[in-house]
Amino acid sequence: MLFQTSHREIASLHVSNRSCSYFPSDLPDQIEQAAKEVRNDGCIRAVLLVGGDDVFSYGSDLSDHAREQELADASPYYEVLPQLLLSFPVPTVAAMQGHAISGGLALGACCTTMVLAEEKLYGMNFVEIGIPAVMGTTTIFDSVFGSTVARAMLFDGALRTGRELAEHSPSIQSLVKPANDVIEHAMHLAWQFTLSERSTCTILNNSLNSSRREKVTRTLEVEREMIRMHRTKQHTKHSKNEL
């Protein structure tokens, strides 16, 4: 469900809130419904993705799932999210004024652009908890953060402040602001997307996203195989331990 902002041409989509810092289970449906609303509303030219003040999103909540079952369930869920965002009809801006971990950070990276907070923490901990990379991050992070930083984030599971990421990723230096300024700057970026005719902006957005979609589609296939191989090795390991 989209919410109206102070600008008629800009709407917002909430991926988490103060009461829950994780993705809602129906987030793919919400994004798909938001896309339909945008297509039916000729005035909306950009959409902000927002979370809570302190936490943008921690991604999917793994606490209610056994690790092996989560590995079995994660692949389809995480494949849908990047495909939906990379097919969104208008530009998307992730206003990440709070911490963004794992799927939360990946979701923001799938947007047209994003704004991070200097003092908040960002990182990927999939490897740390025993799950290979998902959501196309092995490709998406390269284009957003640069290959050196992207590989470090995917392998070490460390959390870095927005300020630290900006120091090592020149491409995002202008997109890292004090937490209190993140929403305002994200709105400014979204407003810039509204300056051109919607049809022109939509065509350009689709063109830019098409190449990203193609790369991510191939990457998702590789990541799917990574998860399958990991599950096979884990099952073999458990079977040997039982013997």
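The values are calculated or read from the model by the stated rules, or taken from the named source; none is laboratory data. All figures in this text were calculated on a predicted structure; none of them were measured in a lab. In this analysis, Cβ positions are derived from the backbone assuming ideal geometry, glycine residues included, and neighbour counts consider all displayed protein chains. For accessibility, only protein heavy atoms count, side chains too; no ligands or nucleic acids. Shrake-Rupley method; radii C 1.70, N 1.55, O 1.52, S 1.80 Å.
For segment 168-231, which whole-number percentage of the solvent-accessible area (1.4 Å probe, protein heavy atoms only) is attributable to carbon and sulfur atoms?
In segment 168-231, the share of accessible area belonging to carbon and sulfur is 56 percent.
Between Met229 and His7, what FRET efficiency comes out of the Förster formula 1/(1 + (r/R0)^6) with R0 = 35 Å and r the beta carbon distance, rounded to 0.05?
Computed FRET efficiency for His7 and Met229: 0.15.
Which percentage, to the nearest 5, of the DSSP beta bridges contained in the chain is antiparallel?
On the way: 6 of 25 bridges.
Around 25 percent of the beta bridges assigned by DSSP in the chain are antiparallel ones.
Extension gain Asp61-Phe155, at 0.36 nm per residue separation less the Cα-Cα distance, in nm? Don't skip to the end; give the middle numbers.
Working: separation 94, 0.36 × 94 = 33.84 nm, distance 2.08 nm.
Once the chain is fully extended between Asp61 and Phe155, it gains 31.8 nm.
Would you look at the GNM of the chain, springs on alpha carbons closer than 10 Å, and say which of Gly108, Gly146, Gly162 moves the most?
Looking only at Gly108, Gly146, Gly162, the largest GNM fluctuation is found for Gly146.
Select from Ile140, Ile131, Ile203 the residue whose mean-square fluctuation is largest in a Gaussian network model of the chain (Cα-Cα springs shorter than 10 Å).
The residue with the greatest mean-square fluctuation here is Ile203.
Return the aspartates and glutamates within reach of Lys120: Cα separation strictly under 12 angstrom, same-chain partners fewer than 8 residues apart disregarded; answer none if there are no such residues.
Asp53, Asp54, Glu164
Counting only trypsin sites (Lys or Arg not before Pro) that sit in a DSSP loop (anything but H, G, I, E, B) with at most 14 other Cβ atoms within 10 Å, what is the longest stretch of the chain containing none of them?
Segment 19-243 is the longest.
When the chain is modelled as a GNM with alpha-carbon springs shorter than 10 Å, which of Leu195, Leu159, Leu86 fluctuates the most?
Largest GNM mean-square fluctuation: Leu195.
Would you list, by chain and number, the aspartates and glutamates whose Cα falls below 17 Å from the Cα of Lys215, excluding same-chain residues fewer than 8 positions away?
List returned: Glu79, Asp142, Glu223, Glu225.
Only one of the values (1) 1.21; (2) 1.43; (3) 0.98 was calculated from this structure for Rg/Rh (Cα atoms, Kirkwood Rh); name its label.
After the calculation, the listed value that fits is (3).
Taking only protein heavy atoms and a 1.4 Å probe, what accessible area per residue, in Å², does the chain have with all protein chains in place? The partial results should precede the final answer.
On the way: 11790 Å² over 243 residues.
Per-residue value: 48 Å².
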